[in-house]
Each structure stands twice: as C-alpha cells, then as structure tokens.
Amino acid sequence: MPVPTERKAQLLSGNEACVQGAIAAGVRFFAGYPITPSTEIAEGLAVELPKIGGKFIQMEDEIASMGAVIGASLAGLKSMTATSGPGFSLKQENIGFAALTEIPCVIVNVQRYGPSTGLPTSPAQGDIMQARWGTHGDHPAIALMPASVREAFDLTVQAVNLSEELRTPVILLMDEVVGHMRERVELPATDEITVVNRVKPTEDPEHFLPYKPGPNLVPPMPAFGDGYRFHVTGLVHNETGFPSGKGKDGNILVRRLLAKIEQRQPSIAQAELYQADDADIVIVAAGSVARSARAAVKEARAQGLKLGLVRPITAWPFPAEAINSVATTAKAMIVAEMNLGQMIIEVERAACGRVPVIGLNRIDAELITPQDIIARAQEVTKNVR
Amino acid sequence: MSVKELVERYCRTSKLPHIWCPGCGNGIIMGAVMRALDKADIDQDKTVIVSGIGCSSRAPGYMNFDTLHTTHGRALAYATGVKMANPDLNVVVLTGDGDCSAIGGNHLIHAARRNINLTVVVFNNSIYGMTGGQYSPLTPTHSYATTAPYGSIDRNFDLCKLVQAAGGTYVARGTTYHTRQLVDQIVAGLGHNGFSFIEVITQCPMYFGRKNKFPSAVDMLKWQQEHAVPVKAAAKMTSEQLAGKFLIGELYHEEAPEYTAVYEKEVIAKARGEVK
Ligand SMILES: Cc1ncc(C[n+]2csc(CCOP(=O)(O)OP(=O)(O)O)c2C)c(N)n1
C-alpha cells in the first residue's frame with residue numbers, strides 16, 4: 001500500500017498528475033507503448049508502481065498493451081494504459097472487447113494532431129468522435145476531458161472509479177496542452193479521495209452467473225483464481241457468460257451495456273458553466289481551449305460584450321442538459337475546438353435549433369486564443385442582431 | 001483416469017458436444033491438455049486458459065477453469081497481463097496457427113523473448129479453419145487453399161525454430177497421432193518455469209484435407225505417422241533421409257530467469273530500496 005499523503009503544493013504537468021491520480025485511485029497495473037505526448041505517464045508509472053508492489057510492463061505495441069490491461073484487470077488489479085492518436089486507433093478492437101465483456105480499465109488518450117502520424121508534438125482535439133465510436137458496433141462510452149493539471153488528477157481518479165463501478169472501459173481524453181502544461185497544484189490528501197472498487201460476487205461458485213446484472217445493471221465480478229471458474233468471451237453471451245449465437249441475447253446484452261451507463265448518466269455527464277446565465281453569446285469549449293475561452297469571457301465582458309462559457313467535462317456522455325439550459329437564454333453559441341467540428345455536432349443536437357450554433361475551428365497546430373474567440377464573438381454579434 | 005472421469009472433472013459437460021467438424025484433431029489436443037493438467041496435478045481453481053480466435057480457440061469454452069476467449073491473435077498479450085498481475089496463476093494459452101503466427105506473430109516472439117511463464121499449445125492444422133480454409137503462415141508451400149487456388153507460393157514458418165530464436169526456453173513438437181508423447185510434452189511445458197511452447201501438428205480434413213488430396217482424417221493421421229521423426233532417431237539419420245520429414249519431441253530446453261519472478265526480485269526490490 002502507498003503511504004497516505006497529505007495535501008501538498010507541487011509543480012506538476014497534466015501527465016504527472018495523471019500518474020498521481022492513478023496511484024491514488026488504486027491502479028496497480030499499467031501496460032503501454034511509448035508515444036508522444038503521453039509517454040510521461042508510462043515513465044511515471046514505471047517508477048511509481050513497483051514501489052507499491054504494482055506492475056508495469058512495456059508491451060510490443062498498443063494492441064498488446066490493451067490486451068495485457070484487460071488480462072490484468074481480470075486477474076484482479078485495477079489496470080490502465082496511456083497512449084495518443086495512432087496508438088488509440090490500434091487499441092480500438094480490444095476496447096470493444098472490454099466493453100462487451102465488461103472489464104474495468106482506463107485508457108488515457110493524450111490527443112495529438114492527426115490523422116496518421118500527423119504532427120506528433122502538436123495539440124489537437126480530433127479524437128472526440130473516435131472516443132465515442134472508435135470500436136465497431138454499438139457500445140457504451142465514457143470519456144472525460146480535463147482542462148487543468150488538478151483536473152487531470154481528479155478525472156483520472158474518477159475514470160478509475162467509474163470503470164470499476166460500471167465495469168466498463170473509461171477514456172481519459174486529455175489534449176497535448178493539458179498533458180504537458182505545468183501548474184502549481186495542491187493534490188488532495190489520501191483521506192479526501194473517494195476510491196471505488198468493483199463489486200465481487202457473494203454467492204458460491206455453484207450458483208454464480210457471471211453476467212447476471214446487479215441492481216445497477218452491473219454484474220458482480222470475481223477475479224481469476226477466486227474459484228468461480230468463469231468464462232469470458234467477446235462473442236455475444238447470455239448471463240452464463242457462454243456464447244449463445246442468438247440475436248435475442250445480443251439484443252439483451254448490448255442494450256444493457258448502454259442502459260447501465262444511461263441509468264447513471266445524469267451524474268456522469270458534467271459541464272462547468274462560467275458566466276453563462278446572462279450571456280448573449282455562449283462559448284462551448286473543452287480541455288485546453290476552455291482556458292482560452294475563460295480568458296476571452298473575462299476580457300470581452302470588460303469591453304461590454306456579454307460572453308459566457310459552457311465547458312463540457314465529459315465528452316461522453318455529452319452534457320446535453322447544460323447546453324440545453326443556455327440555449328434558451330443565449331443569442332448564439334460558438335463551439336471552439338481544435339478540429340474541424342466534432343463536439344459541435346453534439347452541441348447542435350442539444351440546442352435543438354433554438355439558437356444559432358457557430359464553429360470556431362483551428363487545425364494549424366496552434367492554440368485557439370482568447371483573441372480568436374473574441375473576434376468571432378464580435379462577428380457573430382453583428383450578424384445575430 | 002478414465003475418459004469419463006477426465007471429462008467430468010475437466011470439461012464443462014453442459015457445453016458439449018463441441019462445434020468441431022467430424023475428423024478434426026482439436027478434440028485430441030484438448031484431451032491431451034486436460035490429461036497433462038491432470039498429470040501435472042495443477043490446482044484447477046488457480047489455472048487460467050486463454051485463447052485467441054479460431055476453431056481451436058474455442059477449446060477453453062469447454063474446459064472447467066477460469067477461461068478467457070480473447071480477440072484474434074492477442075491471446076498471448078492478454079495472458080501476459082493475467083500472469084503479470086497474478087504470478088501464482090498457471091496460465092495456459094491455446095491458439096491456432098494463424099492466430100499465433102500471422103496476426104499474433106509479434107506477440108509470440110515478444111512473449112518468448114521475455115521468457116514469461118506461460119504454456120502455449122498451438123493447434124497447427126496448416127490452415128485457417130474457422131474462416132473456411134484460407135492459407136496461413138504455416139501452410140506448406142505449394143499446398144492449396146481457398147485463397148491459394150493455384151497453390152501457395154508463400155514459404156512457411158518453422159514455428160519452433162522461430163520461438164527458440166526469439167528466446168523461448170521450452171520448445172517441443174507433437175502430433176495428434178502421437179498422443180501419449182503429446183501429453184508428456186505438455187506436462188513438461190507446464191512444469192517448466194519459463195516460456196513453454198508446444199506445436200501440435202493436427203488435421204483439418206474439412207478445409208486442408210479436401211483441397212490437398214487427403215480423402216479423410218485417417219489419411220492425414222497416416223501422413224503424420226509417416227513423416228514425423230522423433231528427435232533421437234533423427235540424430236542418426238542423413239539429411240536425405242530427413243528430407244520432407246519433420247521432427248517431433250523436445251526440441252529445445254534451457255533454464256533461464258523467468259519474467260514475473262525477475263520483476264518481483266529486481267524491479268520491485270530496487271524500487272523499494274531493498275536491493276541496489
Ligand atoms: C481481427 C480479425 N481478423 C480476422 C478475423 C477472422 N478470423 C477468425 S478465425 C481466423 C483464422 C483462424 O485460423 P487459425 O488461427 O489457424 O485457427 P483455426 O480456426 O484453424 O483453428 C480469422 C482470420 C477475426 N476474427 N478478427
């Protein structure tokens with residue numbers, strides 16, 4: 001067990017805070033493959049995990065890393081991997097396996113510019129849709145988007161907790177700026193952190209049905225070696241865990257996988273609202289772009305332009321209600337993102353046509369600045385009047 | 001132990017009969033694995049059987065252990081995670097020739113290189129069975145397959161040599177004809193503390209046999225009998241005599257530090273400051 005820690009101010013990067021968060025949340029297994037801008041997470045856990053009896057392994061590629069993470073989780077350890085664009089693409093098949101077989105695990109994706117090798121050290125937010133739809137078939141998705149170093153810590157803990165509670169892969173969707181940025185942070189003391197552990201079955205192995213859902217639609221999960229002798233397969237299975245080959249069982253299983261997240265959704269979907277109540281124009285921005293947006297709101301208000309901010313903290317489930325709540329009061333919304341328009345699709349959906357939704361997009365590997373946002377807001381103001 | 005006792009103890013009897021075609025060798029190999037596990041006196045509750053995707057990879061579903069049927073080619077990656085997380089578990093990997101040497105080839109050489117304590121049994125039927133008879137990296141050159149209608153021009157792997165070169169520390173080859181030896185090879189693999197690899201030559205009368213002039217499973221087993229040469233006998237044979245034949249038996253055996261033990265002894269101990 002790690003030594004309990006007190007509150008202490010530190011200078012950390014987002015990636016380093018993610019390492020601390022993982023340890024605090026009880027992660028004891030990491031498998032990964034180096035890739036900028038996520039590598040510091042693997043490096044940090046290679047140092048920290050063995051100190052507390054945890055395991056670190058550098059695998060031969062990202063596909064193997066994802067497989068090892070699922071195997072380790074089944075053997076009873078909280079497990080995590082970290083990667084970036086090209087590696088995130090490689091992990092997709094096994095992420096789907098984890099979703100279907102309900103194996104808790106966390107995948108950190110520190111987004112970089114793509115597609116392909118793209119611009120390896122440049123920021124982007126181009127994986128929002130991949131985080132939702134990267135693997136084939138209908139499946140649940142949870143993805144969290146930190147905007148600060150402290151939040152990288154908090155959301156790593158939350159990602160682990162959600163994956164354990166709901167038995168589902170959870171994605172921590174950082175961007176390069178948050179991953180590499182250093183900030184002075186005070187991390188919570190050990191006793192201030194809530195840690196959630198997967199529920200284990202209580203019935204004896206004779207009567208155990210490995211995929212019989214509990215009251216929260218989540219089946220309790222033993223570890224390999226606990227004596228339950230259960231079967232795990234990526235084929236559609238019924239409550240026994242064995243493949244049935246029946247569409248009827250697929251219908252029940254896949255719908256339950258989605259329902260267990262939906263049922264919990266009101267409390268998973270999160271957004272931060274900043275001066276959004278009385279704003280004429282609401283900026284919607286996540287991750288590092290939300291930092292620029294916040295600065296833009298302050299500056300614009302000083303100039304008499306009433307901007308506000310909605311910052312989705314969860315990409316998935318998307319916090320549609322927060323968008324909805326400002327769609328009736330604002331005159332326009334600007335969705336600022338470092339891609340050519342991914343989050344905007346969800347914003348438009350949530351706004352239901354009640355307010356014009358305008359994109360502000362950069363893919364020149366530069367940050368969206370507060371000036372970019374103010375300039376667009378001024379333009380929009382002219383047009384919506 | 002009688003077959004009945006063996007099946008009742010190590011099979012999930014309610015999952016039988018299996019999906020394999022008449023004449024398929026997969027049942028023979030699964031039986032050999034169960035006999036070996038019994039002979040090795042393993043703890044059934046502390047044994048995990050991992051597989052990839054393919055006809056052969058369906059075997060764990062019939063076996064009464066903790067079982068993990070993963071994605072195509074990735075069984076060794078999953079198994080590595082299981083073993084690292086809990087080295088007290090016996091981890092056995094059942095895989096097909098395509099599963100482990102094509103899509104999973106990279107995982108195979110790296111698991112061997114680490115010398116992690118896994119026992120791998122490859123069901124080598126020289127073909128992709130589950131998808132209906134396409135050629136695999138182990139399909140002998142000039143053989144026919146649905147995707148090699150004019151005969152395969154690919155050169156096939158010698159998987160045992162590959163694994164040995166990659167760092168595997170126990171390497172053996174058996175067949176579904178020489179079943180008693182096969183059980184002993186798997187027992188030795190289970191007992192070996194390191195990466196153990198047993199390639200089993202088996203028959204797929206349905207997809208390999210039909211296309212390659214083997215009218216029945218019996219003809220294929222006869223072919224095994226005629227072409228397999230025990231390692232000891234081969235030592236006294238000339239290269240002309242050995243042409244077209246293949247070796248069976250223990251091909252390589254070496255004691256070397258095992259990965260999870262070294263992680264414990266070196267990495268964890270150093271990280272904790274217990275050793276320098
Ligand atoms: C990523 C992926 N690619 C392809 C397939 C289709 N597929 C299923 S089994 C198989 C080949 C299996 O052949 P082998 O490993 O030799 O096993 P066998 O069926 O002969 O026992 C293939 C290509 C798949 N399931 N997943």
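The values are calculated or read from the model by the stated rules, or taken from the named source; none is laboratory data. What you see is a predicted model; the values in this text were computed from it and never measured. Neighbour counts are summed over all protein chains in view; Cβ atoms, including those assigned to glycine, are modelled from backbone coordinates with ideal geometry. The protein model used for the area step is the full one, side chains on, heavy atoms only, and it has no ligands, DNA or RNA in it. Shrake-Rupley method; radii C 1.70, N 1.55, O 1.52, S 1.80 Å.
The table below gives the values:
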item	result
Kirkwood Rh and Cα Rg combined as Rg over Rh, evaluated for the range A:8-192	0.93
Centre separation in Å (Cα based) which lies between the range B:163-187 and the range B:79-133	14 Å
Solvent exposure ordering (accessible area, 1.4 Å, most first) of A:Arg112, A:Arg150, A:Arg349	A:Arg349, A:Arg150, A:Arg112
Amide hydrogen neighbours beyond the local backbone of A:Ala189, cut-off 5 Å, H modeled	A:Arg7
14 Å Cα-Cα reach of B:Lys83 towards aspartates and glutamates, excluding residues that sit fewer than 8 places from it in its own chain	B:Asp66, B:Glu258, B:Glu264
Contour excess over end-to-end distance, with Cα ends at A:Arg354 and A:Glu239 and 0.36 nm allotted per residue	37.0 nm
A:Val108 long-range amide H proximity, modeled H, under 5 Å	A:Thr81, A:Ala82, A:Thr83, A:Leu172
Long pairs among A:Lys200/B:Lys270; A:Lys212/A:Lys246; A:Lys306/A:Lys331, criterion Cα-Cα beyond 22 Å	A:Lys200/B:Lys270
Spacing of the two label points (7 Å from each Cα toward its C-beta) at B:Glu5 and B:Glu240, in nm	5.1 nm
Amide hydrogen neighbours beyond the local backbone of B:Cys11, cut-off 5 Å, H modeled	B:Asn64
Phi to ³J(HN,Hα) by Karplus 6.51 cos²θ - 1.76 cosθ + 1.60 over the range B:192-197, Hz, x for Gly, Pro	6, 8, x, 7, 10, 9
Overall dimensions of the protein assembly as shown by Cα: Rg and Dmax, Å	27.6, 96
Inter-site label distance for A:Asp278 and A:Leu11 at 7 Å from Cα along Cβ, in nm	4.0 nm
Relative packing of peptides B:51-57, A:55-61 - highest average C-beta neighbours within 10 Å first	B:51-57, A:55-61
Size of electric dipole in the range A:8-192: Cβ of Lys, Arg +1 and of Asp, Glu -1, about Cα centre, debye, nearest 20	180 debye
Shielding of B:41-49 by partner chains, average beta-carbon count, 10 Å	3
Pairwise label distance in nanometres, A:Asp138 with A:Val195, each label 7 Å out on the Cα-Cβ vector	3.7 nm
For a label point 7 Å along the Cα-to-beta-carbon line of B:Glu255, residues of the range B:180-211 with backbone N under 17 Å	B:188-196
Computed helical MRE - 222 nm, the protein assembly as shown, DSSP H runs ≥ 4 contributing -39500 (n - 2.57), nearest 500	-11000 deg cm²/dmol
Separation between Cα centres of the range A:131-150 and the range A:37-103, rounded to whole Å	16 Å
Student exercise, the protein assembly as shown dipole from Lys, Arg, Asp, Glu Cβ charges, in Debye to nearest 20	860 debye
Rounded to whole Hz, the Karplus (6.51, -1.76, 1.60) HN-Hα couplings of the range A:262-278, x for glycine and proline	4, 4, 9, 4, x, 8, 8, 5, 9, 8, 9, 9, 10, 6, 8, 3, 10
Alpha-carbon centroid distance for the pair the range A:249-316 / the range B:199-276, whole angstrom	57 Å
Cut-off 13 Å (backbone N to label point 7 Å along Cα→Cβ of B:Val231), residues of the range B:237-267	B:247-255
Radius 10 Å from Cβ of A:Ala285, net charge of other residues (Lys, Arg +1; Asp, Glu -1)	+2
Dipole of chain A, positive direction: furthest Cα of A:Pro123, A:Met343, A:Pro104, with charges on the beta-carbon	A:Met343
